[in-house]
Each structure stands twice: as structure tokens, then as C-alpha cells.
Amino acid sequence: MKAIIGKPLNRVDGEIKVTGRHLYPSDMWEDGTLLLGLKRSVHPHAIIKRVDTQEASKVDGVVRIFTYKDISGTNRYGVVHKDQQVLAEEKVRYIGDAICLVAATNREALKEAIDKIKVEYEVLPAVFDPVEAMKENAPKIHKSGNILQHTTVSYGDVEKGFKESDIIIEGSYSVPFIDHTPMETEAGFAKMQDGKITVWAGTQTPFRDRKEISKALGIPEEKIRVIAPFFGGGFGRKDGITVQIYLALAAYILKRPVKIYYSREESIQTSYHRHAAVMYYKTGAKRDGMLTAVQARLIFDTGAYASFGGEVMSLGVEHFAGPYRVPNSRVDGYAVYTNNIIGGAMRGFGVPQVTFAFESQMDKIAKALNMDRWEIRYKNALEHGDKTAIGHTLIYSTGVKRTLKKVRESNLWKGKDKLIAESTPFKRRGWGIACSYQGGGLGVGIPDFAEAKVELLPSGRYRVYGGISDMGQGNTTGYVQIASAALNAPVEMIEYTTPDTDRTLDSGPSAASRTTYIYGKALLGAIELLKDEILQVAAEKLSCPKNSCKLIDDRVESDKGTIHLSEIYKLLPEKKRVSTFYVDMPISKDRRDIGSGLPHIVYAYATHLAVVEVDILTGKVRVIGYCSVSDVGKVINPPVFEGQVEGAVAQGIGAALTEGIKLKDGLALNNNFTTYIVPTAVDVPQIEVIAVESAEPTGPFGLKGTGEINVDAPPAAVVSAIENAVGVRVSSLPVSPEEIIKSIEVEDAIP
Amino acid sequence: MFNVVAPENLQIAIDILSGENTKVIAGGTDLMVRVRQGMFKPDVLVDITRIRSLRGIKKTDDHIEIGATTTHSDILKNPDTPPLLKEAVSKIGSPQIRNLGTIGGNIVNASPAGDTLVPLYLYEATVEITGKGTKELPIEEFIKGPGKTVLKQGEILSNIRIPILKGYKHIFHKVGERDAMAISVASMGILYKTDGDILQDIRVAFGSVYPTVIRIKEVEELLRNQRISKDILIEASKIIEKNVKPISDVRATAMYRKKVAGRLIFRLLEISR
Ligand SMILES: Cc1cc2nc3c(=O)[nH]c(=O)nc-3n(C[C@H](O)[C@H](O)[C@H](O)COP(=O)(O)OP(=O)(O)OC[C@H]3O[C@@H](n4cnc5c(N)ncnc54)[C@H](O)[C@@H]3O)c2cc1C
């Protein structure tokens, strides 16, 4: 049955989704359900002088308008820093801060009431540029000042490293806020059930939500139940509180079913986003291409609230110099408050930003030294046992060199010269390369654990309790597959659940490329215990030694006979039909002192190859060939893996070429899909997906994690290819066609 | 909230449309976006897609006639569709949008970015208006400005007539932020006829760089009866930049649009290669 590992397995949630039977959080509805909506701040920074809900409450169909005064708890939430208010008390800090929660019987009434609520403000000076916000005299957004966190790491002697170098390359880079664009925006449903506030929501963190709801509203945790059905995408956006507290508040006070579902415009303006960042780099190398020192200053714009600002920036710090051997380094990272939209968790978590910068630096060094772009990477690539740029030792599987070797065997590598030779006078082609690595798990100092649960059912089937949200990435299928292999039972014998704080056990967030690694590991532990119980009673019943009993499909077999699992179920005491198992995420052995959330120790690695075509008349760039080689440990389900890679690469191509929130004084101008441009099927080429499976002995069946690694490298690879095609080096994303044509005069460019 | 009526009879539709706060809906791909944005609140929408006489493509001796509610997909499928129009329509939205959206809707919408308009200006198409009686107008006179046409309450666009041009070839270039589901940032259409390496005739128009689609006759005159060369195109490019008046918006800057319009003309070099 281990044969199932590494084989395609249809998604267990596939059928209910494609037949439309699955109820997503935004689908849930019962008779009498009230709709919820929010009155939000229209100013980026202001004192609330007065809120007048009188007119609004008179709107026919309005049931209740809540303000912060209706909240008896702390009215605060936030993953690390509780700096967000459920409903604003005195001050708003970005366009979108929630001031009133409205419940109404229909959409029209809801909208009318929201429009009719009058808020008087005293507008405060605002700051939108993180570099400005760091200055002494900048408007203060929080009492603690505008610098949320400063993380510094140094290793070796960076001054000495620069002195020893033959060349030094400096560069500055910038990236915008990026939206996750999940298909389903923030949504949920809640009602009182069995005396508990029960919330169904698109959430990556049901257990953390329960705590947040409890504190914010002042209701004991045992009165709250949070359920996370399969939902329509998260990518980090739903790693924490979005709509959960509003749902709980309204259901609790009104004792009626309630529903909320953000419009795309509301979602883009008010959700968490990938942080915008500006990054300054200085890289030193020897004439032979060996890196001697890297220094960087990273400024991450976390917007109005902390969310994961400090942690995301810290991940940027950890990965700042790439999967390379750097003997001397220094990096200063800042997460800074502004009156912009909020930065938070998004696939890659700080690594996409720095990957763009450090890989651009690698290209520049290669160019300055007249070296091949592949070669410089291979020469410097980390190996097992090496120390990273921040000085911790790689003691787990380390496959970056293998990805670099493998990329040369790809069809795209072999065919790229021919592809590029097909350039026409107006369309120039070129290739680019980039490497990346990505730590899995939450890092040193942050509780990072999973507790799996598995049960033998009366029919002799099993149920795997999924403790970590499945937002569409397929981890539940992974759990079923792992259970099937470990229990030596066909997939059809395995039932599953999605997370439910009343039924499953807290296993942390669906995040940080940890989801299958850690839950799979815990699940294997739980299964071992259950198997042991099963074999024990079987052995007793059959009067044979335990080690002569074998679990096969729905029965235990031995020389003495066979016993069906439904029989075993009866023989097992109730408690022993369920087993649970707790595991901690492994952490780095050294450099634990640096801070919180870094470093990691389980890393995935990738090398990406892109071929682009640049239209020199318009500056438009098309990606015409793409290959991803990644080391994610053992691939247990190839189509799910390919889906993760293709999705991540498409998202990365979007970040390279068209995505990025355009802000004007804190307002997102491109707040729907007409103007926030994500690539479509015709904008992304066929992607050649290759895995080098450096088995990770600590992972379930050798797996590491694949959720994020492939989102990091695409912008750098694409930008590398653009330079190769037309000689223009882009340092600010997304690539601007205008910038490209500014640098290419047609008169000179065409014969 | 609004009501939708879907008469099968043209006269009934016209009668209802004479009422206040009524509006035509064809595919709804423009209209519903604006209703959702709250840009207007109609009481009655008159769905004209069930009126048979408004739909379909006919060929006469010297014209192609396209009914106003003919969808973009139908236009693409029809062998009689003029080739430049076909190419431009193939760039509209996505298959789903093309299945719903109509040529009439694209014209009445009067967006400078409307993809059917560049070809219609170049073919010198005429449009038929039906209200109390019918009249026919050149497309350039029908469209008054961004979102503005000569249509009055109680009138609909019923038919489009496109003269058949023999021996012409075309170039169409749409610049969007991506390759599907994108509103053009700038577009160029060219109809031309060659005699050896001489441009016997040429018509040039641009979208999205002026309040309406714009034909640039000065460039046409410059290039007519000439041999294509880099030098003459550099000159043409300058004339184009001088004539366009683009705006800056969330998609692109005016400067970019102007530059691109000027550069697209270099595609003519391809025909001499
Ligand atoms: C996702 C998306 C992508 C799009 N991409 C493109 C694109 O790439 N290129 C492009 O040009 N357009 C695009 N559009 C816009 C739109 O699809 C087209 O303009 C389409 O042709 C409009 O036709 P319709 O039948 O849907 O018009 P409707 O929305 O039904 O009507 C549009 C307007 O015209 C009026 N109207 C319609 N027909 C008549 C008539 N016969 N007589 C009088 N008035 C009439 C309506 O009252 C309304 O004011 C896109 C739209 C969407 C939503």
C-alpha cells in the first residue's frame, strides 16, 4: 500500500466541488439569515469625532447597528500585536478601518444603512511612504511609533568581506503590495447552536480564531466553535481574523443566523496583502564569482496594522542573501507602519521580495564579471552542512545544487537557444534564471506543533480528522493518502474531516509550507498508536503473537485466521478506538538567538528558468517558456504538486509583469479584476514542472513542503530574461512596459 | 431593482423604450457592470436580443450587413465577416464575453477602447438607427465622444453596414495589460493595398488614444503611393504622436499611450519584408 505514495490520487474534495455540492462559506444560508456589512473609514488617518446612526437605523430592513460600545471584550485582535480594533473607537488608521457593523434582512437595506451612517472626522496628517514614516517628524500612527520592528543579523565580518572582494555591486529594488486574489473573498456564516456561537468561515486558523473571538468579545472559549470547511483560496490572506469576530458578535447578540461576504472591492482594500518593500543591497564577490559579503537594508511597509509585519520582514531577513554561501553578511530589516492598506501573510512570506533583489544582484555580478548566470549560482550554492548567510547550519536535506543541475536537463534549457533564435525585429527573446529557498514552519521561538487524530469506525473504516485548514491546496487529500499508505488500506476506507474546534485538535495554521509536513508527521504517529491497539486485540482474539498479525485492507490476518476491523471495533474499548499524537516542528540547532520566527531548518529549494519575448514597439513582455525545478522532498501526489507549482509560478509571473496595488493616498485604485491584472490562461505558458526529491528523513514519507517555494523566483527569472532579451534591467516591480520602451529607441532598434 | 422585458417585436421594443428611465440591454456585458457600480438605476431594461430582425449577418453585392444584436462569437464564426473586424473581435474579452456581448452594444457603448470601432471606422461603415422611422449615418457621425452617441430616448441601433473592400490587407494591434480579458491601452488598425512594393492605398486608425477612435488622414496621405521605409515611418510616427490626445488612467499614462501609438506604425515594415 505504500505504493500509493508518489502516485496520482484524485482530490478527495474534487467531486463535491465540481458537482457544486460543497457549501463554501459564502454559500451558507438558512431561512432568516441576516446579512452583515461594515461602515468603514474613508480617511487614511483621522480621529472619529462622532458617529450618528439614527437615520441609518430607520432604514426598513435594518435590524441592528453595532459600534465598539456593544463589545464587552477587549475589542482588539492581531496575531502577534493586538493593535487592530474590531470596531474603531477613537481613531482610524487606513481607508477601510471598520467603524460600525450593520445587520439587515436584505442587501439593499444593508447598503442604504451603511451609506446613511454619518461619521464626523478630524482628519490627521497621514504618511504613505515607509521611508518617510521612519523619520522622526512623521505623523505617528500608533503610540509606540512607526517602526513596528527592526531585526538585525550579522555574520562574519562584512567590512572585511567587502575589502576582500574584487567587485562590489550595489542596487536598490522595490516591490508593491500584492493581492492574493483568492476566488472566494472573505466570507462566513454564524449562528447559535447547542448554546455555542458557531462560526463557519474561510479561515486558515480556526483555533487561533477561537482565542481571538473569545478575547475580543469577552466570551469564554468553550462557548465558541469555529469550523473551517473547504474554502475558496487563502494564500495567507485568511491567516487570522477577517470576518470571524463580526460574525460571532452579531450571532451572539442577535441570536439569529448571520452571513457576511465581502465584495472584491472591499476585500482588496481591507484585507492583508503581501508587503510592499524597498530594498538596498550591496554584494561583494571575488573575480571568480565567489561571494565574499552581502549587506542589505530592507524596509517593509506593513500599512496601518502589524498583522505579520515583523514576522514577514524577519523571513525576508533570514532569506536575504539567497541559497548561497556568504561568509560575511549584515542585514537590517524594518517593518514600518504607514497609513496604507495592511501588509500581512502571503504565500512566500517575505521571501518573494528579497528573492527578487538578491537574484537581481547575482545577475549583475555575473554580468560585471562576464560570467554565466547559471555558473555563478552553482558555484555559490549551499550544500548540506554549509552555513547560511545568517550563519546557521543546514543539517536537513539541501537540494539547491541538484535543482541547478537538473534544470540543464529540462526540455526548455535544451530548446531555449532555438526558441530565442526565432526572435523577430520587433520581438526580442531572452532567457533568465533564478534560485530561491524557503523555510518551512513558523521558525524559532513560535509554538509550532500539530496534534493529529484518527479513529476506527464501527464499519471498520477509518476517519482522519484534518486539523489544518484546506483552502484548496489539497492537504486533506494528502492526509488521506498518508493514512491509506500507513494503514495499508484503500483510500475508499478513509473518511476525512476538515477542521472544527469541537472535533479536531489544534494543529496550528495552514501556512508556512508546514501543512502536510507537520500534520502528516503527527498523523503517522497517531496511526502507529491505533495500529498497535488494533494488532494487540487481534492478537489476543486470534491467540497468536502480535508480530504475526498483519493489517491488510479492512482486516487483520495471521496464520491463525482473519478478523474484520468491524469486529476489532467491538473488541476495542471506546477510548482506544481513537488515537492522537502530538509533534513539534524541528528547529535550527544554532543561531536561535537572532529573534522570533527565524531561522528555519527544513528548506525547500528551487531553480527557475524563464524565456520571454519583449515587444520593442510596446514594451510588453510575454513569458513564452517556463521551467520550475524544485526540491520539496518526496512528492506524494504528483498532480497536486504540479498544481501547486503551476499556481505559484502563475502568481509569480503576475507579480513580475502586471500585479501590484496602485495606491493613491492609501486608496487602492485597481480594486477589482478589471484593473488588478492577474495573468489568464493565455498569459502563462505551459510550465515544465520538475521535482528533485531530496528525501527529508524527518518528513512523512520524506516530504518537506511545496506550498510556497515556487512563488519566489519568477519575478527574478523574468527580469533576468528581459535583460537578456533587450538589455534593460528592471529594478522595480511590476515590470513597466513604459520603462522598457523608454530605454529602447525604435529608430535604433530596427534595421 | 428593475424590471426586464424581452419583446420579440421591434416596434413594441421601441414603444417601451420611449418611456422614462428605460434602457436597452443586449448582452449586458457593459450595462450590468455599470448597474452594479450604481452608475445608473434603470426602472426597465428592454432586452432586444429576441428580436429576430436585429440579429445575423447578410451579404449583399457590395456590403456586409450585421444586425446590432449579433454576438461577437457569431461574428467570428461567419465566413463573410470582413477580416480586420474578425481579428479585432477575436481580441475582445474572453469566449464567455464574446458569447454574450454584441456588436451593437460595443458601438453604443462608444468607448474609445471599443475593439470593433477601429475596424468600423476604417471600413467606413454606416449604422442604421430605428425609432420613429429609420435613418443611416456614418459611424464617425454616430459616435460623439466617450460614451456619447447621437441616439435619443426611444431609438435603437438596428444594423451595421460595412462596404466590401476588395484586395485590401490589414494589420491590427491591440495593446492591453494582458493578452485576454483586457481593455485596450492603445490599439491600431490599418487597411492597405499594395502594388508591388508601393502602398497604393492605406487607412490608419487608433483606439484608446483620443476621446473617440481616430483616423489619421495626414498619415494616410503621407504614406499613400509611397514605398515603405524606415524614414517615412519615422515621419508618420511623429504625425501620429502630434494627433493623438490620450489620457492617463489606472491602466497607463498618457505618455505611454502616445509613444506606443507612434511606434505601432512601424509594424508596416513587416509588409515590406
Ligand atoms: C470582462 C469583460 C471584458 C471585456 N473586454 C472587452 C474587450 O476586450 N474589448 C471591448 O471592446 N469590450 C470589452 N468589454 C465590453 C463589452 O463586453 C463590449 O463592449 C460588448 O460588445 C458590449 O455588448 P453588450 O451586448 O454586452 O452591451 P450591453 O451591455 O447590453 O449594452 C451596452 C450599452 O449599449 C446600449 N445598447 C446595447 N445595444 C444597443 C442597441 N442595439 N441600440 C441601442 N442601445 C444599445 C445599452 O443600453 C448600454 O448602454 C468587456 C466587458 C467585460 C465585462
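The values are calculated or read from the model by the stated rules, or taken from the named source; none is laboratory data. Since this is a predicted model, take the numbers as computed values, not measurements. Neighbour counts run over all protein chains shown; Cβ positions are idealised from the backbone, glycine included. Ligands, DNA and RNA are stripped out before the accessible areas are found, and what is left, the full protein with its side chains, is counted by its heavy atoms. Shrake-Rupley method; radii C 1.70, N 1.55, O 1.52, S 1.80 Å.
For every residue, the table says whether it meets (1) part of a helix (DSSP H, G or I); (2) of a type in the set (A, V, I, L, M); (3) away from chain B (no Cβ under 14 Å); (4) closer than 17 Å to residue A:613 by Cβ.
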site	(1), (2), (3), (4)
A:710	yes, no, yes, no
A:716	yes, yes, yes, no
A:723	yes, no, yes, yes
A:741	yes, yes, no, yes
A:744	no, yes, no, yes
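Among the residues of this structure, residue B:247 counts as one that is without any contact (Cβ under 8 Å) to a residue 24 or more places away in the chain, more than 11 Å from every other protein chain (Cβ to nearest Cβ), in contact with a helix residue (DSSP H, G or I) (Cβ under 8 Å, 6 or more places away or on another chain) and surrounded by fewer than 23 Cβ atoms within 10 Å (Cβ to Cβ). When you check residue B:175 against the structure, is it within 14 Å of chain A (Cβ to nearest Cβ) and surrounded by 22 or more Cβ atoms within 10 Å (Cβ to Cβ), yes or no? Taking the combined requirement at face value, the residue satisfies it.
Yes or no: residue B:237 in contact with a Gly (Cβ under 8 Å, 6 or more places away or on another chain), outside the structural domain of residue B:144 (by TED's automatic domain parsing) and either surrounded by 15 or more Cβ atoms within 10 Å (Cβ to Cβ) or at pLDDT below 95 (or both)? For residue B:237, the condition - in contact with a Gly (Cβ under 8 Å, 6 or more places away or on another chain), outside the structural domain of residue B:144 (by TED's automatic domain parsing) and either surrounded by 15 or more Cβ atoms within 10 Å (Cβ to Cβ) or at pLDDT below 95 (or both) - is met. Taking residues in region A:386-402 that are outside the structural domain of residue A:633 (by TED's automatic domain parsing), and partners anywhere that are surrounded by fewer than 20 Cβ atoms within 10 Å (Cβ to Cβ) and part of a loop (DSSP other than H, G, I, E, B), not one pair has Cβ atoms closer than 7 Å while being at least 6 places apart or on different chains.
Picking from A:15, A:108, A:89, which residue would you name as being in a loop (DSSP other than H, G, I, E, B) and without any contact (Cβ under 8 Å) to a residue 60 or more places away in the chain?
Working: A:15 fails: in a loop (DSSP other than H, G, I, E, B); A:108 fails: in a loop (DSSP other than H, G, I, E, B).
A:89 is the lone residue from the list that is in a loop (DSSP other than H, G, I, E, B) and without any contact (Cβ under 8 Å) to a residue 60 or more places away in the chain.
Give me the pairs: first residue in region B:254-272 and in contact (Cβ under 8 Å) with a residue 40 or more places away in the chain and more than 7 Å from chain A (Cβ to nearest Cβ), second residue open to solvent by less than 50 Å² (accessible area, probe 1.4 Å) and of a type in the set (Ser, Thr, Tyr), beta-carbon distance under 7 Å, and six or more apart or on different chains, which are they? Every condition considered, the pairs that remain are B:257/B:208; B:265/B:237. Checking each residue in region B:66-85 for being within 14 Å of the ligand (Cβ to nearest atom) and either crowded, with 18+ Cβ neighbours inside 10 Å or touching a residue at least 24 places away in the same chain (Cβ under 8 Å) (or both) picks out B:66, B:67, B:68, B:69, B:70, B:71, B:72, B:73, B:74, B:75, B:85. The residues of region A:258-277 that are open to solvent by 40 Å² or more (accessible area, probe 1.4 Å) and either within 22 Å of residue A:173 (Cα to Cα) or in contact with a helix residue (DSSP H, G or I) (Cβ under 8 Å, 6 or more places away or on another chain) (or both) amount to a single one, A:261. Whenever a residue of region A:667-679 is more than 7 Å from every other protein chain (Cβ to nearest Cβ), its partners that are among the aliphatic types (A, V, I, L, M), lying with C-beta atoms within less than 6 angstrom and at least six residues away or across chains, give the pairs A:667/A:95; A:668/A:268; A:668/A:661; A:671/A:268.
Within region A:198-209, being crowded, with 24+ Cβ neighbours inside 10 Å and either touching a helix residue (DSSP H, G or I) at 6+ places or on another chain (Cβ under 6 Å) or not in a loop (DSSP other than H, G, I, E, B) (or both) holds for A:199, A:200, A:201, A:202, A:203, A:206, A:209.
Considering region B:86-126, the residues that are touching a Leu at 6+ places or on another chain (Cβ under 7 Å) and among the β-branched types (Val, Ile, Thr) include one that is nearest to the ligand (Cβ to nearest atom), namely B:108. Inclusion of residue A:576 among residues that are surrounded by 14 or more Cβ atoms within 10 Å (Cβ to Cβ) and either assigned to a loop (DSSP other than H, G, I, E, B) or out of contact with any Lys or Arg (no Cβ under 9 Å at 6 or more places or on another chain) (or both) is warranted. Within region A:604-623, can one find any residue that is more than 14 Å from chain B (Cβ to nearest Cβ) and either assigned to a loop (DSSP other than H, G, I, E, B) or of a type in the set (Ser, Thr, Tyr) (or both)? Yes, region A:604-623 contains at least one residue that is more than 14 Å from chain B (Cβ to nearest Cβ) and either assigned to a loop (DSSP other than H, G, I, E, B) or of a type in the set (Ser, Thr, Tyr) (or both). Assess whether residue A:734 counts as being in a loop (DSSP other than H, G, I, E, B) and either over 30 Å from residue A:395 (Cα atoms) or at the interface with another protein chain (Cβ under 10 Å from one of its Cβ atoms) (or both). Taking the combined requirement at face value, the residue satisfies it.
Taking the criterion of being more than 14 Å from the ligand (Cβ to nearest atom), aliphatic (A, V, I, L, M) and not assigned by TED's automatic domain parsing to the domain that holds residue B:189, would at least one residue in region B:56-63 satisfy it?
Here is the first cut: in region B:56-63, the ones more than 14 Å from the ligand (Cβ to nearest atom) are B:57-63.
Within this subset, residues satisfying the condition of being aliphatic (A, V, I, L, M) are B:57.
When the remaining residues are screened for being not assigned by TED's automatic domain parsing to the domain that holds residue B:189, the result is B:57.
Checked against the condition, which is being more than 14 Å from the ligand (Cβ to nearest atom), aliphatic (A, V, I, L, M) and not assigned by TED's automatic domain parsing to the domain that holds residue B:189, region B:56-63 yields at least one hit.
Return yes or no: is residue A:720 open to solvent by 30 Å² or more (accessible area, probe 1.4 Å), outside the structural domain of residue A:522 (by TED's automatic domain parsing) and on the phi < 0 side of the Ramachandran plot? Against the criterion (open to solvent by 30 Å² or more (accessible area, probe 1.4 Å), outside the structural domain of residue A:522 (by TED's automatic domain parsing) and on the phi < 0 side of the Ramachandran plot), residue A:720 does not qualify.
Assessment of region A:637-650 against the conditions (within 14 Å of another protein chain (Cβ to nearest Cβ) and free of Cβ contacts under 8 Å to residues at least 60 places away in the same chain) yields at least one matching residue.
Somewhere in region B:107-119, is a residue open to solvent by 50 Å² or more (accessible area, probe 1.4 Å) and not aliphatic (A, V, I, L, M)? Among the residues of region B:107-119, not one is open to solvent by 50 Å² or more (accessible area, probe 1.4 Å) and not aliphatic (A, V, I, L, M), which makes the answer no.
Scanning region B:230-242 turns up one or more residues that are within 11 Å of another protein chain (Cβ to nearest Cβ), farther than 21 Å from residue A:618 by Cβ and not small (Gly, Ala, Ser). Please tell me if residue A:696 is closer than 30 Å to residue A:631 by Cα, at pLDDT below 95, more than 11 Å from every other protein chain (Cβ to nearest Cβ) and surrounded by 22 or more Cβ atoms within 10 Å (Cβ to Cβ). Against the criterion (closer than 30 Å to residue A:631 by Cα, at pLDDT below 95, more than 11 Å from every other protein chain (Cβ to nearest Cβ) and surrounded by 22 or more Cβ atoms within 10 Å (Cβ to Cβ)), residue A:696 qualifies. For region A:285-292, the count of residues that are crowded, with 22+ Cβ neighbours inside 10 Å, in the same structural domain as residue A:78 (by TED's automatic domain parsing) and in contact with a Phe, Trp or Tyr (Cβ under 9 Å, 6 or more places away or on another chain) is zero. Annotation: of all residues in region A:646-682 being open to solvent by less than 20 Å² (accessible area, probe 1.4 Å) and at positive phi, the one that is nearest to the chain's Cα centre (by Cα) is A:660. Being part of a loop (DSSP other than H, G, I, E, B), of a type outside the set (Ser, Thr, Tyr), in contact with a helix residue (DSSP H, G or I) (Cβ under 7 Å, 6 or more places away or on another chain) and outside the structural domain of residue A:226 (by TED's automatic domain parsing) is a description that does not apply to residue A:502.
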